[in-house]
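Structure record follows, encoded as C-alpha cells.
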Amino acid sequence: MILRTLIRHLGSWRATCKRAYESRNVPFARRFDGAVCLIFAFATVSGCASKDGIRVPGPAATVSNDKAFALPPPGGPSIVNVVQHDFNNAARQDIFLFTSAVTPGQNVLRVTFFGPVGRDYDDRKGLGYASIRNGNVDLDMRRDLPGVPMARSDYYVQNNYGPFGYATGRSRSGDTCLYGWQQIRSSDNDRTTFTNRGTVDVRLRLCDAHASEQALLRVMYGYTIAGTFPAPGWNPYDGPPTTDPSLGRTGNPIYPGVPANHANPPPPAFQVRDRVPPVVVRRQASAPAPIVTPAPAIRPTGPLVPLPTVPEQGAKTSAVTVPGPPCANAPEGGVGCK
C-alpha cells in the first residue's frame, strides 16, 4: 500500500525537483532527490517484507503415496515417500522405496510423463526430452550409484510395457545393486498428429543387502503404471493387440485349461513354482527284542564247610579248627573207622 502511494506521487516530486534546478537552488534539489531515494528504498523493503508466510520456490511438492504414477510389484519394496516435479510439458515423480542397504543413496523409482499437463503450468519451465542413449544412461547411473562398479546386461529382456535394459553391480559394503531404464512410447508407424502421442520414461535405482540379482530384477518385471493424462490423444502404449488368427479357423483345436500360447514363457527364476507336497517318511516298527529268562542257580550238594573268618587289623589270629570224621573220636573197643 505504501509503495503504491509513493509511485502515484512520484511525478509531483520530480516536478518539484525540476523547479528547484531551474531556480538554481542546486543544494535543495540534491537533498530532495536523496530523500526521495531513501523513502523509495524503505517502501520497497517494507513491501517485500509484507508478504504472508514463507513460500518454497520451485515446482517440487510432496504427494500422498496413493497418487504415485507407478506402483512396485506385490511383496515390495514398499513406498516411503513421493515427490512430484511439475513442468510445462511433463510431470515427474521420484517414488522413494524402502531400503536395507548401507550404500549411499536412496532406492527410487523415477517416472516421467511427457504430455499435456494443462494451462495451470504454462509459467513453469520445460523439461528436456532425450531418447535412451548410452551416454545419458551412464550419466544417470553414476549420479544415482556413485562409486559402485556396474556392468550392463547383454540379454534382451522385456516386461508388460516392452523392452528394457538394466545393469547390476556390487558395492564395497557387499550390497547388490541394480539400475534399470525403460522408455514407453508408441511406434512411429502408429503415431499420428492427434493419436498415440506421449512418452513415459522410467528409471529404477535399487540396492539391497540380502536380495539376489533375480530378486531385484523382479521389480522391473512387476511394476505397474497407474497414472495417465486425461487427453484423448495421449497413448504411449500403441494400439490394442491383434486377435490370434488361429481363432475360429479349422484345424486349430483349443483345449480347456491349456494356454494357447507358450512362445514367451517367463524365465525360470520368475515362474511361480507349484507347491510340492511334503514327503511323508514312514518308519517300520522294529521287532520286539526276545525276553531272555535267566537260568536258575544250581544249589551245591554235600556237607557245608564254613568259610574262614578274616580277623580285624590288630587282632590276634587263631588257628582254624577243622573237625575230623566221627570215627576218630570213638572210645576204645567201640566201632572204629574201617
Integer Hz, Karplus 6.51/-1.76/1.60 couplings in order for the range 131-145, x for Gly and Pro:
6, 6, 10, 4, x, 5, 5, 5, 5, 5, 5, 5, 6, 7, 10
Sort 140, 208 by Cβ crowding within 10 Å, fewest neighbours at the top.
140, 208
Apply the Karplus curve 6.51 cos²θ - 1.76 cosθ + 1.60, θ = phi - 60°, to the phi angles in the range 148-164 and return the couplings in whole Hz, x for Gly and Pro.
9, x, 10, 10, 6, 8, 8, 7, 8, 10, 7, 10, 5, 9, x, x, 8
Gained length - residue 170 relative to residue 102, 0.36 nm times residue gap less alpha-carbon distance:
23.3 nm
Estimated distance in nm for a label pair at residue 67 and residue 133, the labels positioned 7 Å out from Cα along Cα-to-Cβ:
3.5
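Values quoted throughout were computed directly from the atomic coordinates according to the rules given, and no laboratory measurement underlies them. This is a predicted model, so every value here is computed, not measured. We place every Cβ from the backbone using ideal geometry, glycine too, and count neighbours over all the protein chains shown.
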